[in-house]
Amino acid sequence: MAIKNIIDADILIIGSGIGALSVAGKLCREGRQITVVTKGLEKSCNSSLAQGGISVALSKEDDYHIHFKDTMAAGCYQNDEEAVMTLVSKAPEIIREFIDTGMKFDTDENGELQFGREAAHSLNRVIHAGGDKTGLLVVEQLLRNINENVTIMRNEMALDLCVKDGQCNGVITRDENGNLKRYKANFTILATGGIGQLYPSTSNDTTITGDGMAMAYRAGCVLKNLEFIQFHPTMLTIDGNAYGLVSEAVRGDGGILINEKGEKIMEGVHPMKDLAPRDVVAREVYAHYLKGEKIYLDISAIHDFRDRFPTVTEICESHGVDLSKNLIPVGPGAHFHMGGVQATPQGVTNIEGLFAVGEVACTGVHGANRLASNSLLEGIVFGKLLAEHISAIDRKAPDFEYEMPVYTVDKLPAKSEIQRKMMDFVGIVRHRSQMHEIMEWFRQYMPQGCDSFCALDLTKTDNAKQEVYNMLTAGWLIADAAMKRHDSIGAHYVVE
Ligand SMILES: Cc1cc2nc3c(=O)[nH]c(=O)nc-3n(C[C@H](O)[C@H](O)[C@H](O)COP(=O)(O)OP(=O)(O)OC[C@H]3O[C@@H](n4cnc5c(N)ncnc54)[C@H](O)[C@@H]3O)c2cc1C
């Protein structure tokens with residue numbers, strides 16, 4: 001069946017987070033016509049939620065070689081060295097350029113940038129804005145940086161990429177009224193973020209359901225490092241439910257993890273104690289949680305907490321946490337995906353005309369575990385490199401039609417069931433002897449006649465069903481990757 005609603009676009013970007021907007025901001029000023037398709041409103045993304053900040057070697061004591069070393073160490077040396085060097089060495093100049101567009105990061109009384117500390121950084125390196133409102137203020141600045149050459153299509157979900165003979169010429173979407181649309185584009189950019197909503201407890205926006213990864217898989221993209229999922233140790237957690245992130249910067253400023261008896265739980269676990277790499281801290285908090293213990297972040301050492309952390313204050317108070325007691329109840333939640341669509345720092349994938357930027361991409365910079373505050377940086381720096389790459393090439397996409405697949409699904413699980421399975425089998429701790437069970441569980445939801453999660457007849461689904469199908473696809477791919485990596489490393493922790 002041919003889709004009647006056909007729209008021509010030069011550059012089509014899927015998603016509206018920091019990766020997407022960084023690309024759009026540069027190209028629109030060169031007069032390029034850009035269409036951004038986004039699932040919710042433009043600020044519905046993880047980028048807007050980021051609290052801690054952006055790591056960049058801009059302080060007098062710092063040097064990008066130290067940033068390089070910290071990034072490699074946090075990533076357990078599984079990182080792509082060249083990509084890491086590109087990121088950290090280009091960062092100071094690109095962040096200065098971003099500041100020149102009007103972005104206001106927090107400064108001291110002399111007007112000098114303030115640098116915060118986060119886990120596994122060997123010195124203070126994280127610049128922030130509005131205290132812990134960094135992500136939102138960055139997204140608002142990036143939105144101010146785009147012009148009339150950018151058209152944003154809100155509440156529209158990308159469903160499948162149009163790929164034939166290794167070439168991409170656009171995407172199929174469905175808008176909020178249920179209309180299928182076919183965009184034809186010379187350049188199609190995946191900027192759909194990560195996979196946080198695959199887990200029951202997550203810091204991620206509700207739109208982040210692994211769609212980009214699932215679409216890329218169906219289109220034949222090479223995917224990489226999918227087993228590496230970072231869990232954040234400190235989500236505000238009440239009665240087992242997570243209600244938002246308590247930034248690592250709180251521990252950077254002196255917050256300490258304690259149990260109900262007031263004992264410091266990171267004491268003796270790692271030399272960097274509360275500022276140990278995230279996987280180490282998350283596993284420790286999770287181990288206490290499994291024993292039925294409550295864990296708190298003791299913030300009594302932080303004097304100006306409300307001013308420094310207005311977002312965390314708001315999240316806590318709106319959920320009845322009395323901050324005068326200096327104790328925030330916390331637990332771990334899915335936070336960041338180190339793996340994704342294999343791409344170069346310029347966003348180039350194995351499919352011609354299809355690019356990936358931001359969290360959906362796996363450029364190798366994060367290795368097995370991301371260094372805190374390196375991902376907003378990745379979106380800005382590699383977003384700029386991708387925009388420069390597109391500027392430098394002349395591509396006219398081949399003209400072919402999208403052939404609607406024939407496959408359908410008749411049963412789908414509830415989202416909560418997928419989330420529970422993911423946490424039990426491919427969560428913070430993975431049991432080698434049990435992981436195959438989740439693969440069997442996924443198998444029952446594959447379309448009849450297909451031995452994988454193949455592309456569906458889109459006229460027979462709606463956006464809600466497609467989202468669940470994408471979660472199944474992404475979960476199955478992650479579980480498969482986790483089964484194939486036998487040893488524990490970084491965020492992939494396996495026991496018998
Ligand atoms: C609470 C929180 C705090 C964080 N704090 C920090 C921090 O301090 N520093 C740091 O460096 N990193 C931080 N991170 C991580 C960082 O925010 C993300 O890695 C980064 O913002 C990802 O940017 P992105 O552009 O790739 O994706 P996102 O910002 O997540 O944007 C993805 C976009 O794609 C859209 N989308 C998804 N699927 C579809 C579809 N099918 N069709 C159309 N649109 C779609 C989404 O709606 C969204 O607009 C934090 C993350 C969270 C959740």
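The values are calculated or read from the model by the stated rules, or taken from the named source; none is laboratory data. All of these numbers come straight from a predicted model, not from anything done at the bench. FYI the Cβ positions are ideal-geometry reconstructions off the backbone, even for glycines, and counts take in every protein chain you see.
The figures follow:
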| quantity | calculated |
| --- | --- |
| Of all residues in segment 67-96 being free of Cβ contacts under 8 Å to residues at least 60 places away in the same chain and crowded, with 22+ Cβ neighbours inside 10 Å, the one that is farthest from residue 275 (Cα to Cα) | 88 |
| Helices (runs of 4 or more DSSP H) wholly inside segment 373-446 containing at least 2 residues that are under 23 Å from residue 27 (Cα atoms) | 375-392 |
| Residue within segment 327-345 that is surrounded by fewer than 23 Cβ atoms within 10 Å (Cβ to Cβ) and more than 27 Å from residue 291 (Cβ to Cβ) present | yes |
| Number of the condition not met by residue 458 [criteria: (1) touching a strand residue (DSSP E or B) at 6+ places or on another chain (Cβ under 8 Å); (2) exposed (fewer than 15 other Cβ atoms within 10 Å of the Cβ); (3) under 23 Å from residue 163 (Cα atoms)] | (2) |
| Segment 340-390, residues that are more than 10 Å from the ligand (Cβ to nearest atom) and among the β-branched types (Val, Ile, Thr) | 341, 344, 348, 349, 351, 363, 365, 381, 390 |
| Subset tally (residues that are in contact with a Pro (Cβ under 8 Å, 6 or more places away or on another chain) and under 28 Å from residue 180 (Cα atoms)) for segment 380-418 | 4 |
| Candidates 250, 246, filtered to the one that is within 12 Å of the ligand (Cβ to nearest atom) and within 18 Å of the chain's Cα centre (by Cα) | 246 |
| Single residue of segment 43-77 satisfying the filter (within 13 Å of the ligand (Cβ to nearest atom) and within 17 Å of residue 384 (Cβ to Cβ)) that is nearest to the chain's Cα centre (by Cα) | 47 |
| Pick from segment 11-42, criterion part of a loop (DSSP other than H, G, I, E, B) and near the ligand (Cβ under 8 Å from one of its atoms), ranking: surrounded by the most Cβ atoms within 10 Å (Cβ to Cβ) | 17 |
| Matching residues, segment 180-194, being more than 10 Å from the ligand (Cβ to nearest atom) and β-branched (Val, Ile, Thr) | 188, 189 |
| Selection from segment 172-190 of residues that are in a strand (DSSP E or B) and under 18 Å from residue 207 (Cα atoms) | 172, 173, 174, 189, 190 |
| Per-region count, segment 234-245, residues in contact with a helix residue (DSSP H, G or I) (Cβ under 6 Å, 6 or more places away or on another chain) and modelled with pLDDT of 95 or more | 1 |
| The one condition in (1) at pLDDT 95 or above; (2) within 11 Å of the ligand (Cβ to nearest atom) that residue 118 fails to fulfil | (1) |
| Sole residue being away from the ligand (no atom under 12 Å from the Cβ) and in contact (Cβ under 8 Å) with a residue 12 or more places away in the chain, chosen from 177, 204, 155, 169 | 169 |
| Residue in segment 310-321 that is among the charged types (D, E, K, R) and surrounded by fewer than 24 Cβ atoms within 10 Å (Cβ to Cβ) present | yes |
| Residues that are touching a residue at least 40 places away in the same chain (Cβ under 8 Å), among the charged types (D, E, K, R) and surrounded by fewer than 23 Cβ atoms within 10 Å (Cβ to Cβ), drawn from segment 217-251 | 218, 224 |
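Here is a yes/no grid of residues against (1) surrounded by fewer than 22 Cβ atoms within 10 Å (Cβ to Cβ); (2) more than 24 Å from the chain's Cα centre (by Cα):
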residue: 104; (1), (2): yes, no
residue: 111; (1), (2): yes, yes
residue: 132; (1), (2): no, no
residue: 135; (1), (2): no, no
residue: 143; (1), (2): yes, no
residue: 149; (1), (2): yes, yes
